[in-house]
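Novice: Next up is a structure, given as structure tokens.
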Amino acid sequence: MSVPIQDSNESTLSRRGADLASGRNKRDLVSAILGGIWDPVTNPDVILNIGTAENYLALEDVADFVKSKDLQLDGPAFDYGEGPWGSSRLRNGMAKFMNRYFKPHTPVKPDQLQGSNGCTGMFHMLGTVIGDPGDGILLTKPCYVALSHDFNLSAKMEPVFVPFGETDQFCPEAIECYEKALQKAEKEGIKIRALVLCNPHNPLGRCYHEDTIIELMKFCKKHKIHMIADEIYAMSVYEVPGVEAVPFTSVLSLDYSQYMDPNYLHHVYGMSKDFACGGLRVALLYTKNTELSRAISAITDFSHTGQMDERVASVILEDEDWLDGFLDTGRMRLATNNRLTKALLDDAGIKYNSGANAGFFLWVDLSPWLDRFEGKDEWEREDKMLKAMLGNKLFLTGGRGQSAERAGFFRLVFSRSEATLREGIKRLVKTLEG
């Protein structure tokens, strides 16, 4: 007769491990969604994903370019390299790229850059060294779906979301909303340590006015908090006919020492969006704060960028002629798909954020259809709407996960083939009409 070695209700893990095992798990949530790229002929049975923000339009361009290059895969290419903070070649390539395209007020130096295996790893490390567990980080409503996870899961910073109501969060008047959110948090015992500026914004697809960026810098100086500038979509800003869209302004292009202590500004950029290299795990942090850089170096073993990734990224960054054409083509394709998607949504009677001119997505308003789904409140009805989409083998990113202020808003990613967009919106209409 066998004897159970443990009580079935007893965890084998630490309290921390048990919490992770019992909580929401990304593997459960996205395994089916990321199960393959839908194709009407070769892969018709997978979920049609127009919710994950990848630049599918440029994947083959990058693949063809890299295959045409000699990556010099000799024996030393398979060792540990120069260390987890990024090779000299990678940091030189990224510094050159940033100096050319971001137009920094002060040139970026390679030794001011530090690498990691993606922005997620970098945000985790920044949260670890900037805040203690329970300290707050200001995030916009809505915001990129993973930001709260990146700063909270391990670093245990407390996300403090800034609601804007009827105020345009991209204009200087929005600073008052940040003030109110900070004051409310500190009354609740949460010490605000940082603010994330996601510019261009995900999921709204808009850029911040230069005046707003400056006022946010002054706000950070006033309260002695860090500004983390996430500019991952900086090169994915395109022309939108008939829309007075705000152009992109990098924090690096400003003489920010006039407005805040440079030791409190940190810039994060990576290869996943503008370069269509989500599978290439490379991101770099730019900071003038040597103490912060040294602290990051102490824990970056957990976010090591491998030599293969570094070599591919370096080859891309070093070819300026190819990059010019690649980025220009990418912007034209995004503009074309933006127009196509808006036309399809117009035909379906679905409203959206018409001012978007950056990133791969539109913020669509499905709230008029919420009453067709059961639930005790609008958020529960939004969840039921999302489940109905999945039942029709369609995925969009729901607003609740992006900390939307109102239920019924979704992020629709249009950086897909025309056939995918047409079929996706067809399935969306089917879901809404029941």
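The values are calculated or read from the model by the stated rules, or taken from the named source; none is laboratory data. Please read these numbers as outputs of a predicted model, since none were measured by experiment. In this analysis, Cβ positions are derived from the backbone assuming ideal geometry, glycine residues included, and neighbour counts consider all displayed protein chains.
Novice: Would you mind finding the one in E310, E380 that is surrounded by fewer than 19 Cβ atoms within 10 Å (Cβ to Cβ) and assigned to a helix (DSSP H, G or I)?
Specialist: Just a single option satisfies the conditions, and that option is E380.
Novice: Within segment 406-422, can you find the residues that are under 17 Å from L386 (Cα atoms) and either not assigned by TED's automatic domain parsing to the domain that holds D383 or not aliphatic (A, V, I, L, M) (or both)?
Specialist: R406, G408, F409, F410, R411
Novice: Looking at (1) at pLDDT 95 or above; (2) more than 21 Å from L57 (Cα to Cα); (3) of a type in the set (D, E, K, R), which one does E374 not meet, given that it meets all the others?
Specialist: Condition not satisfied by E374: (1).
Novice: Test S87 against the stated conditions and say whether it is more than 23 Å from T249 (Cα to Cα), in the same structural domain as D309 (by TED's automatic domain parsing) and more than 20 Å from the chain's Cα centre (by Cα).
Specialist: The answer is yes for S87.
Novice: To continue, here is another question. Could you please give the count of residues in segment 347-389 that are of a type in the set (S, T, Y) and within 30 Å of L327 (Cβ to Cβ)?
Specialist: The number of residues fulfilling the criteria is 2.
Novice: Please give the strands (runs of 3 or more DSSP E) falling wholly within segment 108-192 in which 1 or more residues are closer than 29 Å to R16 by Cα and of a type in the set (A, V, I, L, M, F, W, C).
Specialist: 136-140, 158-162
Novice: Filtering segment 274-292 down to residues that are within 11 Å of G118 (Cα to Cα) and out of contact with any Asp or Glu (no Cβ under 6 Å at 6 or more places or on another chain), which residue is surrounded by the most Cβ atoms within 10 Å (Cβ to Cβ)?
Specialist: Once the filter is applied, the top-ranked residue is L284.
Novice: Could you look through segment 1-39, keep only residues that are out of contact with any strand residue (DSSP E or B) (no Cβ under 6 Å at 6 or more places or on another chain) and under 30 Å from G325 (Cα atoms), and pick out the one that is modelled with the lowest pLDDT?
Specialist: L34
Novice: A follow-up question, please. Which of (1) in contact with a strand residue (DSSP E or B) (Cβ under 9 Å, 6 or more places away or on another chain); (2) free of Cβ contacts under 8 Å to residues at least 24 places away in the same chain; (3) more than 25 Å from G359 (Cα to Cα) does W85 not meet, given it meets every other one?
Specialist: (2)
Novice: In addition: With respect to the numbered conditions (1) assigned to a loop (DSSP other than H, G, I, E, B); (2) on the phi < 0 side of the Ramachandran plot; (3) within 25 Å of the chain's Cα centre (by Cα); (4) of a type outside the set (K, R), which one is the sole condition not fulfilled by F97?
Specialist: (1)
Novice: Which numbered condition in (1) touching a helix residue (DSSP H, G or I) at 6+ places or on another chain (Cβ under 7 Å); (2) assigned to a helix (DSSP H, G or I) is the only one that H266 fails?
Specialist: Answer for H266: the failing condition is (2).
Novice: Oh, and also: Does segment 276-292 hold any residues that are assigned to a loop (DSSP other than H, G, I, E, B), under 20 Å from S88 (Cα atoms) and in contact (Cβ under 8 Å) with a residue 60 or more places away in the chain, and which are they?
Specialist: Within segment 276-292, R281, V282, K288 meet the criteria.
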